[in-house]
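The values are calculated or read from the model by the stated rules, or taken from the named source; none is laboratory data. All values reported here derive from a predicted model rather than from experimental measurement. Using ideal geometry, Cβ is built from the backbone for each residue, glycine included, and neighbour counts are taken over all protein chains shown.
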Amino acid sequence: MRNAMITGWGKCVPPAVLSNADLETLTDTNDEWITTRTGIKERRISHVEVSDLSAVAAQHALAAAGLTATDLDLILLATCTADRAVPSAATMVQAKIGATNAAAMDVNAACSGFLFALSVADQMIRAGGAQRVLVIGAEKLSFFLDFTNRSTCVLFGDGAGAVVLEASDESGGLLAFELGSDGTAGDLLCITGSGTEGNPMRTLPPGILMEGPDVFRRAVTAMGDASTRVLAKAGLALDEVDLLIPHQANVRIIDATARRLSLDPARVFVNIASYGNTSAATIPIALTEAVEEGRIRPGANIVFAAFGGGFTWAAAVFRWGSRTTPITTSAAQLPPSTATALELLAPNIALHGKGI
Ligand code: UT7
């Protein structure tokens, strides 16, 4: 039986931290509201682009797998904030890491993007179309922050996570997955002014629009129900789940999803306090931290669940292999920067103004 196992993992978060106290200087908000309504304490603001964050995360994942970039035959980069529309950020990563034997493309399913890409990679490997696939989730959502919109500007941050998926005879891998979309409700969560539509003079400033409470309800239902169905598909009972790694959009969404599944909070991985919502990057960053913190034992059953713009949703059951330690490590890091988060956000303020 040909399976696809995760053999490497890595992350890259930029150094500049935007705290809730910083946000109090930019918009009409406060630490107490952000903490209690979202669980977020701080997020990272990037001085580089998505392909740069991705390339560093990728090199850590490759080292953990004991591979070099030329071993890869496919790179899938889940993002909705690519450096450019063309070329794809995935091909930029290919060039940056020297993955000369790999085909590369971006996947846009917003916050569900990493699980969409992981499922495609798994199916490519099982079908024999690829042997070693690099799957990345990376975002630079700070580019779109509008501090006159306090209900969205406090939520998002930047970062990248990556895994290497390899063909293997070991048992486990992606036991079941479920992907879904509902394009009829796309306007409830969107980035305006980011594409070709409705912007003939190219003067509309881009910004994130979200009907928060509606998206919240849909996220809890979709992530909970997709997780239940995917567990049934995998033939696993709830008490066989070692860890739920959900998309990190709001700690109250995570708690409500766990309650809907009747899952003990001790078996749910949460790191939203440190990074906020990094869209497609939340799950691979969380997975990397879960492995590094010893939360994943050999053979662990992991449930992933995500919901995001589109709408898109995804859930997957993944059985980890026997190795939970990296084969080697990489010294890859971002170019140094001493810019503060507030300095990096000066262009956003020049474009939109402040919310206070
Ligand atoms: O990753 C993709 C999926 N994204 C999500 O799943 C996000 C889903 N939505 C959410 O996480 C939540 O709906 C939000 C965090 C966006 C908002 O939380 P909420 O509890 O749903 O608040 P709300 O929108 O119902 O607003 C409640 C109050 C309002 O004031 P009034 O009208 O009651 O006086 C808002 O104006 O909170 C106010 N408010 C704020 N106050 C201080 C909204 N944003 C802020 C803020 N600081 N940043």
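Evaluating GLY294 against the criteria (1) in contact with a strand residue (DSSP E or B) (Cβ under 9 Å, 6 or more places away or on another chain); (2) surrounded by fewer than 19 Cβ atoms within 10 Å (Cβ to Cβ); (3) part of a loop (DSSP other than H, G, I, E, B) leaves one unmet condition, (1).
The criterion of being more than 16 Å from the ligand (Cβ to nearest atom) and among the acidic types (Asp, Glu) does not hold for ASP255.
For the range 275-291, name all the residues that are away from the ligand (no atom under 16 Å from the Cβ) and either among the small types (Gly, Ala, Ser) or free of Cβ contacts under 8 Å to residues at least 40 places away in the same chain (or both). Before the answer, list the steps.
Pass one, the range 275-291, residues away from the ligand (no atom under 16 Å from the Cβ): 287-291.
Selection gives ALA290 alone.
With respect to (1) under 21 Å from PHE116 (Cα atoms); (2) touching a strand residue (DSSP E or B) at 6+ places or on another chain (Cβ under 6 Å); (3) without any contact (Cβ under 8 Å) to a residue 40 or more places away in the chain, the lone exception for LYS233 is condition (3).
Apart from one condition, ASP255 fits all of (1) out of contact with any strand residue (DSSP E or B) (no Cβ under 7 Å at 6 or more places or on another chain); (2) not in a helix (DSSP H, G or I); the exception is (2).
Of the residues ILE302, ILE327, ILE283, only one is of a type in the set (A, V, I, L, M), at pLDDT 95 or above and under 22 Å from CYS190 (Cα atoms); which?
Values: ILE302 fails: under 22 Å from CYS190 (Cα atoms); ILE327 fails: under 22 Å from CYS190 (Cα atoms).
Going through ILE302, ILE327, ILE283 in turn, the sole match is ILE283.
The numbered conditions (1) buried (at least 24 other Cβ atoms within 10 Å of the Cβ); (2) within 16 Å of the ligand (Cβ to nearest atom) are all true for GLN94 except (2).
Looking at this structure, is ILE45 within 16 Å of the ligand (Cβ to nearest atom) and crowded, with 20+ Cβ neighbours inside 10 Å? Step through it out loud before you land on a result.
Working: within 16 Å of the ligand (Cβ to nearest atom): no; crowded, with 20+ Cβ neighbours inside 10 Å: yes.
When the stated conditions are applied, ILE45 does not pass them.
Can you tell me which residues in the range 200-243 are among the aliphatic types (A, V, I, L, M) and within 16 Å of the ligand (Cβ to nearest atom)?
Answer for the range 200-243, where residues must be among the aliphatic types (A, V, I, L, M) and within 16 Å of the ligand (Cβ to nearest atom): ILE208, LEU209, MET210, VAL215, ALA219, VAL220, ALA222, MET223, ALA226.
The residues listed here are ARG84, ARG37, ARG2; of these, the one that is basic (Lys, Arg) and within 16 Å of the ligand (Cβ to nearest atom) is ARG37.
Return yes or no: is ALA130 more than 14 Å from the ligand (Cβ to nearest atom), buried (at least 20 other Cβ atoms within 10 Å of the Cβ) and either on the phi > 0 side of the Ramachandran plot or not in a loop (DSSP other than H, G, I, E, B) (or both)? So ALA130 does not fit the description; no.
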